[in-house]
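As structure tokens, the structure follows; a few thoughts come after it.
The values are calculated or read from the model by the stated rules, or taken from the named source; none is laboratory data. Being a predicted model, the structure only gives us computed values, none of them experimental. Here the Cβ positions follow ideal geometry from the backbone for every residue, glycine too, while neighbour counts run over all protein chains shown.
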Amino acid sequence: MADAARQYTPSEAAALSGLPIKAVHNAIDKRIVQGQARPSARRRQRLFSTQDILRLKLWYEVGAVLSQERRQRLFAEIEQRPTAKRVKADALVIVDVEEARKRIARLARDLEAAEAAVTRSNAVMGGEPVFKGTRIPVRLVAAMLDQGASGAEILDGYPKLVPRHLELARIWAAAHPRRGRPKTLAHRGVKVRSQSRTSFKPDPAPARGSHRPSS
């Protein structure tokens, strides 16, 4: 069971709320959420509770139908009724807070399971995070899924993986985005078996005396 008191980094908050990391930083800048200052951090960073993540998620999901003022009233109502399953935002909009909480809690459990399933060591793939007991990079699996590879294809290529690994790869990669320039395929553990270069020749010029058919 995920720890309800755990604090999450902005990238983890993005993964749990389903928002782009840019939206999370935008919410911090606009003081939609503030979180707590991370102690002993070299860089200035905020940590967020599950309640902060709920606010993030709902702020953007109801933004298309509620003004900023009404959203603020919605959050005030949620704070006053923390156990309410549904909260009336205005005369026509009722927000299913319970479903949003359940989704965040499920993703938090998945993230916890992913972190327990992933390890890194300089002696294995140069320190690239891999699934325990394998040399399979987690970010590689997530990238393959994002690029359209089916679960069956990945499991066929990596017999040590099970379907649960695919779910964990996605949430782990979302919560731990790579910093710096993307690594090459070789650094990701993919070997290029062969490569070739093809030259395209221009179309041959028509022979003298020949005529192109008129259109």
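What the table below lists for this structure:
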| quantity | calculated |
| --- | --- |
| The lone exception for residue 57 - which of (1) in contact (Cβ under 8 Å) with a residue 24 or more places away in the chain; (2) part of a helix (DSSP H, G or I); (3) not assigned by TED's automatic domain parsing to the domain that holds residue 27 it fails | (3) |
| Matching residues, the range 51-86, being over 25 Å from the mean Cα position of the chain (by Cα) and at pLDDT 90 or above | 85, 86 |
| So residue 92, is it among the aliphatic types (A, V, I, L, M) and in a helix (DSSP H, G or I) | no |
| Among the candidates 206, 213, 163, 177, residue that is under 25 Å from residue 109 (Cβ atoms), modelled with pLDDT under 95, of a type outside the set (Val, Ile, Thr) and not assigned by TED's automatic domain parsing to the domain that holds residue 9 | 177 |
| Some residue of the range 88-101 being within 25 Å of residue 29 (Cβ to Cβ), small (Gly, Ala, Ser) and at pLDDT 90 or above | yes |
| Selection from the range 92-108 of residues that are surrounded by 14 or more Cβ atoms within 10 Å (Cβ to Cβ) and closer than 13 Å to residue 16 by Cα | 100, 101, 103, 104, 105, 107, 108 |
| So residue 114, is it buried (at least 20 other Cβ atoms within 10 Å of the Cβ) and assigned to a helix (DSSP H, G or I) | yes |
| In the range 129-155, the residues that are in contact with a helix residue (DSSP H, G or I) (Cβ under 7 Å, 6 or more places away or on another chain), part of a loop (DSSP other than H, G, I, E, B) and within 15 Å of residue 115 (Cα to Cα) | 129, 132 |
| Pairs where the first residue, in the range 152-165, is free of Cβ contacts under 8 Å to residues at least 24 places away in the same chain and the second is surrounded by 12 or more Cβ atoms within 10 Å (Cβ to Cβ) and part of a loop (DSSP other than H, G, I, E, B), C-beta under 6 Å, 6+ apart | 155/161 |
